[in-house]
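Notes for the one structure printed next.
The numbers here are math on the coordinates, done by the rules we state, and not lab data. Since we're looking at a predicted model, the values are computed, not measured. Every residue, glycine as well, gets a Cβ built from its backbone with ideal geometry; the counts of neighbours run over all protein chains shown.
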Amino acid sequence: MIRSSTMDRRAEAEALQALARDETRQSRSELARSVAGLFERAEMNLGAGERRIAFDILEKLILDVEIAIRRDIAATLADQPDAPRDLILALANDEIGVAFPVLVKSGVLDDTDLSAIIRARSVDHWTAIAGRPALSAPVSATLAAPNSEQTIVALLRNKTASIAPKTIEHLVERSHEIESYRAPLLDRDDLGPDLALRMFFWVSTVLRDHIVDKFKIDGKIVEDLVGQVVMNEVKRVAEDKRSHFEVSTELKTLMKREGCLTADMLMVALREGEVPIFVAMFARMTTLGEHLVGRMLFEQDGKGLAIACRSAGVGRIAFTSIFALAQKMRAADTSVIHRHLPTILAFYESFPREAADEVLGHWRKGSDYAGAIRTVDYRLRRHGH
């Protein structure tokens, strides 16, 4: 058996030497593929000296072989802890089809190498690095700095990546505008309850429930915090729109002519940036608290606003305008508004006015905001509405 194995290795060496003597491109490619294949064959059990020779051959050939061969070499060497650093760096800086397995798996690359690749290469290279196991906090910060959504989502989904508190906080703030960050952020173990509560204001109802369940937050505390955040947001939007709360000429004319609150007044107030006036008018129209009106105005899914408008007799067209204007104030881009609009309109149309009145009745009694919606909505769906 030993003699046979020795003869096989000698024959293999002679075949490789023959390929090395042939300087055609095809022979060099075959040589590179064959040498790389030695690392995958358990029976070869290469010694340290043989491994060094094989690595040396690949380093000399790597720039001359076609991309398919480079892909095979990269896939093989990504798992080799003693692969030469220069060879791994050449593969890592190749096009992404070659570089990917090395960027994701190679332990030869250190933080300095990874940071240099991030600065020099494409977003696809960044995203591959974002999936590496046990990524360090400095590399995570370098990945987050260019604000590539694709890369940051991959980084947040990498549960083994270390992300510094400062970077997490920055991404939480960015999640106000970038929806794809929200779920992976809330799934991370390094997101604390203080930042999760900050996100509570702008995430969907499903993610709000997730926050409450994950951090075991008392419902009353959540309601109080949301009320505070909502009023801060009302003030912020108002200050962005104008330096002082001056009622527009159009709104003054409407109020004088109508003599009572109308949907047109609500739309004009929002269009003119008169958020506190909208909140005050809609609170009066629905007999709800201003904190609650502010909350429903700025929440993402719009269900509370739809129910309140349904109860107040605000028609479909007026509700569509109010919802779109409110979403625009949340810094949502047009594509996000268009994406959410069919869903919220279907919800608005399917929710009977009597059921909307019931939900508002619960709110007036101080019942849990989201809980009241869920209870009535669940009953309606059970009865086929």
- Task: For residue 163, state whether it is in a loop (DSSP other than H, G, I, E, B), surrounded by 21 or more Cβ atoms within 10 Å (Cβ to Cβ) and touching a residue at least 12 places away in the same chain (Cβ under 8 Å).
- Result: yes
- Query: Residue check, residue 292 against (1) of a type outside the set (Phe, Trp, Tyr); (2) touching a residue at least 60 places away in the same chain (Cβ under 8 Å); (3) over 20 Å from residue 261 (Cβ atoms), all met but one. Which one?
  - Reply: (3)
- Quickly run through segment 167-217 and pick out the residues that are in contact (Cβ under 8 Å) with a residue 40 or more places away in the chain, outside any helix (DSSP H, G or I) and either among the polar types (S, T, N, Q) or touching a Pro at 6+ places or on another chain (Cβ under 9 Å) (or both). 204
- Query: Within segment 319-327, is there a residue that is without any contact (Cβ under 8 Å) to a residue 60 or more places away in the chain, over 30 Å from the mean Cα position of the chain (by Cα) and assigned to a helix (DSSP H, G or I)?
  - Reply: no
- Message: Within segment 49-88, take every residue that is hydrophobic (A, V, I, L, M, F, W, C) and outside any helix (DSSP H, G or I) and give me the one that is surrounded by the most Cβ atoms within 10 Å (Cβ to Cβ).
- Response: 83
- Per the filter on segment 280-291, residues in contact with a helix residue (DSSP H, G or I) (Cβ under 8 Å, 6 or more places away or on another chain) and surrounded by fewer than 24 Cβ atoms within 10 Å (Cβ to Cβ) are 280, 281, 283, 285, 286, 287, 288, 289, 290, 291
- Residues of segment 96-134 satisfying the condition of being over 19 Å from residue 86 (Cβ atoms), under 20 Å from the mean Cα position of the chain (by Cα) and of a type outside the set (A, V, I, L, M): 122, 124, 126, 127, 131, 132, 133
- Restricting the search to segment 89-140, which residues are within 24 Å of residue 190 (Cα to Cα), part of a helix (DSSP H, G or I) and in contact with an Asp or Glu (Cβ under 8 Å, 6 or more places away or on another chain)? 105, 138, 139
